[in-house]
Amino acid sequence: MNFSCACIATTLASIALVVGGCAEDKKSQPAAKSGASATQTTIVKIGIVAPLTGPQSHIGKDMENAVRLAAEDANAAKISIGGKELQFQVMAEDDQADPKMAPVVAQKLADAKVNAVVGHFNSGTTIPASKIYSDAGIPQISPSATNPKYTEQGFKTAFRVVANDNQQGKVVGEYIARELKSKALAIIDDRTAYGQGVADVVEKSALAAGTKVVAREFTTDKSTDFKAILTKIKSRKPDVIFFGGIDTQAGPMLKQMKGLGITAQYVGADGIQSTELFKLGGEAVEGTLASFPGLPLERMPQGQGFGGKYKAKWNQDVVLYAPQGYDAFNVFIEAMKKAGSTESAKFLPELARIDYNGITGPIRFDDKGDIKDGPITMFKAKGGKWEAVATIGGAAPAAEKK
Amino acid sequence: MDIFLQQLINGITLGSIYALVALGYTMVYGIVGLINFAHGELVMVGALTALSVIQALMAAGLGLPPAAVMAAGLLVAIPLCMLLAYAMERIAYRPLRGAPRLAPLITAIGVSIVLQNVAMLFWGRSYFSFPAVFATTTYSVAGAAVTDLQILIVLLAGALMAGLLAIVHRTRLGLAMRATAENAQVAGLMGVDANRAIVAAFLLGAALAAVAGLMVSAYYGIAHYYMGFMLGLKAFTAAVLGGIGNIAGAMLGGLLLGLIESLGAGYIGDLTGDVLGSNYQDVFAFLVLIVVLTIRPSGLLGERVSERS
């Protein structure tokens, strides 16, 4: 049946391609004419790719909303380079969180000659897509892909504005060992590039800090039945359960844990640190710990202002990676301004040595394209909300550390 | 021991749900010899409809008791699924009744794809969380955890199956169904309305599927547009395991499959020294299907062969 879904998806995608292509022609022709005459404008196309449909669409839409907001702000600011005003156009694409779809939509953006890409959301989609952007010379900033492999491939076009899983997993593993004083840790992952990646690092760093790993189980990113895994884990009597995966699985898993009477502390990484988890898991979420590669919105230097602006525009709260998506977009603009050009090849070198103060804090990249000194925050679920309990590392003053 | 008991409890709960769905496959097969692959989608439609109704009622804030809210969900889901099953039979299967066996089988797969995509258009591709209608209480039995929801699922499934057996064996409708299953032509000559008996098999199966849909989404806390596919395949496996066309066989097959899956998933890690993990749970169902088809193609209780049963 997956096959049929894929078929339909491909058909839809190709229809969208045709329709999108037509619409674009219509738009670009008059724009080119007017560009030659009175108001001098340069069209800058920015791609945003995330899962816009499917189980993870709430997170993907959140990123798309942020990028659309950033484009609106940038167009209102009337930025001009070389005497021409920049006109930002957002091209949103849906990769369905599917590694097979990611190169397809990436190629579509490359063919449309976008100037830069914000995305993708998942590590599993970001990694295969990054090769296509690299070949096409299109700079890419992922607001959320945390798997280390993404920037380890040696692509000059690949950047990210979040700490990677090595940084995040290490902090979480140490937190489990030292702060939670875990003696028996059980680990579950969803076998995706992201979930397995972060779970591996947590396992390694918790082991190094003296915790025993009593069970290592797997599920998939489509499963809903975790009873068998959880029952097996229960038999090993863990005091902490770490899950490397996404809220879509974590929600029902927490409910099922409660049903089985498992009382171990549940810990996850950024994939479950969403507001959606409370909807999916209900009361069972209470007390869950989750890390996030960044500061909580209210502790971001300009977080409150952004939260308000986002809500005013979209009539909903920030779900997860909206601030990072907004920043990624603005980092591109900053690099374009510095380079005095909107051409990918020209502003790419500026991107590598950017020093930009975003909503999320200072953004600088190391030579691989990873963010320098990305802070990591531990959150606890309390009364249907995430409450920051500790911030570890980061360029921002470490005063928050408790 | 407590882990064995826990997997046993999980297995029985899952097995009762499989059994309810398997009955739908088996009744239809028994009476028209068709494997209705779209039956799993009825479970999905039932689950999502009940969920939507429950969500709407909760949002309305009428302060109804949980049991009333759940019952309201079922009262909408059951007729809708029955209507859908009727439409399926009338539009897709009846015109093909005399056709070679392969034709209705392919049609069934087509119906399944259509239903899945209609559901996707209607409900979207998102996962729906089952609303917190009631707080489940967990009881501890000899170290294993049992929730009131699990007990409810098993009891309700048992009651429904008893009810179905009563309909099939104690009523005129049941007699007509059995007669049609035996030989539709002869039954017709004796004054049995074969079409009516066939529709009844579809409708009864659909009602059970709707209940199973609500059960499975409440049990796992989640529902989505393609949940019916895997569940349908598993239930089909359960029906084959028990002997397709055989009503008692479907019940036995469902329970057994649930137990095999749970116990298999629970112990495979220990048996293979953690080489294979409990994530191989889904493999067991199909392993069972292969083994049954090779060793005992007619299932544990035997296929219902119309001439000689």
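Report the charge-dipole magnitude of chain B in Debye, nearest 20, computed about the Cα centre from +1 at each Lys and Arg Cβ and -1 at each Asp and Glu Cβ.
Values: 13 positive and 12 negative charges, 197 e Å.
It works out to roughly 940 debye.
If I stretch the segment between A:D367 and A:K313 completely, what's the gain in nm (0.36 nm per residue apart, minus their alpha carbon distance), one decimal?
15.8 nm
Give the shape of the protein assembly as shown as rounded, prolate or oblate, defined through the alpha-carbon gyration tensor: a ≥ b ≥ c are the square roots of its eigenvalues, a/c under 1.5 means rounded, and otherwise the shape is prolate if a/b is larger than b/c and oblate if not. Mind dumping the intermediate values first?
Numbers: a/c = 2.38, a/b = 1.61, b/c = 1.48.
Verdict is prolate for the protein assembly as shown.
Please go through the residue pairs A:K255/A:K279; A:K222/A:K385; A:K222/A:K382 and name each one whose alpha carbons sit more than 20 Å apart in this structure. Mind showing how you got there, number by number?
Details: A:K255/A:K279 11 Å; A:K222/A:K385 25 Å; A:K222/A:K382 27 Å.
Result: A:K222/A:K385; A:K222/A:K382 exceed 20 Å.
Got a sec? Which residues in the stretch A:271-285 would a label at B:A132 touch, if it sits 7 Å along Cα→Cβ and we count backbone N under 11 Å?
Taking a point 7 Å out along Cα→Cβ of B:A132, the residues of the stretch A:271-285 whose backbone N falls under 11 Å are A:278-285.
Given the pairs A:K108/A:K346; A:K61/A:K227; A:K61/A:K100; A:K100/A:K232, which span a C-alpha to C-alpha distance of over 24 angstrom in this model? Before the final figure, lay out the partial values.
Values: A:K108/A:K346 22 Å; A:K61/A:K227 31 Å; A:K61/A:K100 20 Å; A:K100/A:K232 32 Å.
Listed pairs above 24 Å: A:K61/A:K227; A:K100/A:K232.
Can you tell which of B:A184, B:L83, B:I9 lies farthest toward the positive end of the dipole of chain B, using +1 and -1 charges on the Cβ of basic and acidic side chains (Lys, Arg; Asp, Glu)?
Toward the positive end, the furthest listed residue is B:A184.
Charges at C-beta only: +1 for Lys and Arg, -1 for Asp and Glu. How large is the resulting dipole of the stretch B:152-309 about its Cα centre, in Debye rounded to 20? Provide the component values of the computation, followed by the final result.
Working: 8 positive and 8 negative charges, 120 e Å.
That gives the stretch B:152-309 a dipole magnitude of about 580 debye.
Select from A:I127, A:V202, A:T157 the residue farthest towards the positive end of the dipole of the stretch A:97-206; place +1 on Cβ of Lys and Arg, -1 on Cβ of Asp and Glu, and compute about the Cα centre.
Highest projection toward the positive end goes to A:T157.
For the stretch B:170-201 and the stretch A:238-307, what is the centre-to-centre distance using only Cα atoms, to the nearest Å?
Cα centroid to Cα centroid, the span is 55 Å.
Checking the cross-link filter: which aspartates and glutamates have an alpha carbon closer than 16 Å to that of B:K234, excluding same-chain neighbours under 8 positions apart?
A:D225, B:E41, B:E261, B:D282
Loop-only check: which GluC sites (Glu not before Pro) in the stretch A:300-399 are DSSP coil with at most 14 other Cβ within 10 angstrom? Write out the running numbers ahead of the final one.
Values: sites: A:E334, A:E343, A:E350, A:E387; in loops: A:E343.
Sparse-neighbourhood loop GluC sites (Glu not before Pro): A:E343.
Students often forget the sequence filter, so: which lysines lie under 20 Å Cα-Cα from A:K181 once same-chain residues fewer than 8 apart are removed?
A:K170, A:K204, A:K212, A:K234, A:K237, A:K380, A:K401, A:K402
Pull out a ≥ b ≥ c, the square roots of the eigenvalues of the alpha-carbon gyration tensor of chain A, then state rounded if a/c is under 1.5, prolate if not and a/b is larger than b/c, and oblate in the remaining case.
On the way: a/c = 2.08, a/b = 1.65, b/c = 1.26.
In terms of gyration-tensor shape, prolate.
Loop-only check: which trypsin sites (Lys or Arg not before Pro) in the stretch B:49-142 are DSSP coil with at most 14 other Cβ within 10 angstrom?
B:R101
Among A:G383, A:L185, B:Y25, whose Cα sits farthest toward the positive end of the charge dipole of the protein assembly as shown (+1 at Cβ of Lys/Arg, -1 at Cβ of Asp/Glu, about the Cα centre)?
B:Y25
Rounded if a/c is under 1.5, else prolate if a/b is larger than b/c, else oblate: which is the stretch A:158-227, with a ≥ b ≥ c the root eigenvalues of its Cα gyration tensor?
Numbers: a/c = 2.46, a/b = 1.06, b/c = 2.32.
Judged from the Cα gyration tensor, the stretch A:158-227 comes out oblate (a/c at least 1.5, b/c at or above a/b).
Residues of B:228-238, mean number of Cβ from any other protein chain within 10 Å of their own Cβ, rounded to a whole number?
On the way: counts 1, 4, 5, 1, 1, 1, 0, 0, 0, 0, 0.
Across the residues of B:228-238, the mean count of other-chain Cβ atoms within 10 Å is 1.
Using the crude model of +1 on Lys and Arg Cβ and -1 on Asp and Glu Cβ, and no other charge, please compute the dipole size for the protein assembly as shown relative to its Cα centre, in debye to 20.
On the way: 61 positive and 55 negative charges, 109 e Å.
About 520 debye.
Where in chain B are the helices, taken as whole DSSP H runs, whose Cα atoms extend 18 angstrom or more along the long axis and whose Kyte-Doolittle mean reaches at least -0.5? Intermediate results must be reported in sequence, preceding the final value.
Details: long enough: B:2-32 (44 Å, 1.31); B:39-60 (32 Å, 1.48); B:66-87 (32 Å, 2.09); B:102-123 (31 Å, 1.82); B:148-170 (32 Å, 1.83); B:194-220 (39 Å, 1.59); B:227-242 (23 Å, 1.54); B:247-271 (35 Å, 1.42); B:281-295 (22 Å, 2.46).
Helices meeting the criterion: B:2-32, B:39-60, B:66-87, B:102-123, B:148-170, B:194-220, B:227-242, B:247-271, B:281-295.
Only helices at least 30 Å long along their own axis, judged from Cα atoms, and with Kyte-Doolittle mean hydropathy of 0.0 or greater: name those in chain A from DSSP H.
Values: long enough: A:2-36 (49 Å, 0.47).
Helices meeting the criterion: A:2-36.
I'd like the mean, over residues of A:246-259, of how many other protein chain beta carbons sit within 10 Å of each residue's own Cβ. Please list the in-between numbers first.
Numbers: counts 0, 1, 5, 2, 0, 5, 7, 3, 1, 8, 6, 1, 6, 14.
Averaged over the peptide's residues, the number is 4.
Which FRET efficiency, nearest 0.05, do A:K204 and A:R236 yield, Cβ-Cβ r, R0 22 Å? Intermediate results must be reported in sequence, preceding the final value.
Details: r = 19 Å, r/R0 = 0.87.
Calculated value: 0.70.
Evaluate E = 1/(1 + (r/R0)^6) for A:N357 and B:H169, where r is the Cβ-Cβ distance and R0 equals 60 Å; express this FRET efficiency to the nearest 0.05.
Details: r = 78 Å, r/R0 = 1.30.
Efficiency at R0 = 60 Å is approximately 0.15.
Between B:L287 and B:R90, how many nm apart are label points set 7 Å from Cα along the C-beta direction?
4.6 nm
Every read-out reported here was derived from the displayed coordinates using simple, explicitly stated rules and does not represent laboratory data. Source: prediction; values computed, not measured. Neighbour counts run over all protein chains shown; Cβ positions are idealised from the backbone, glycine included.
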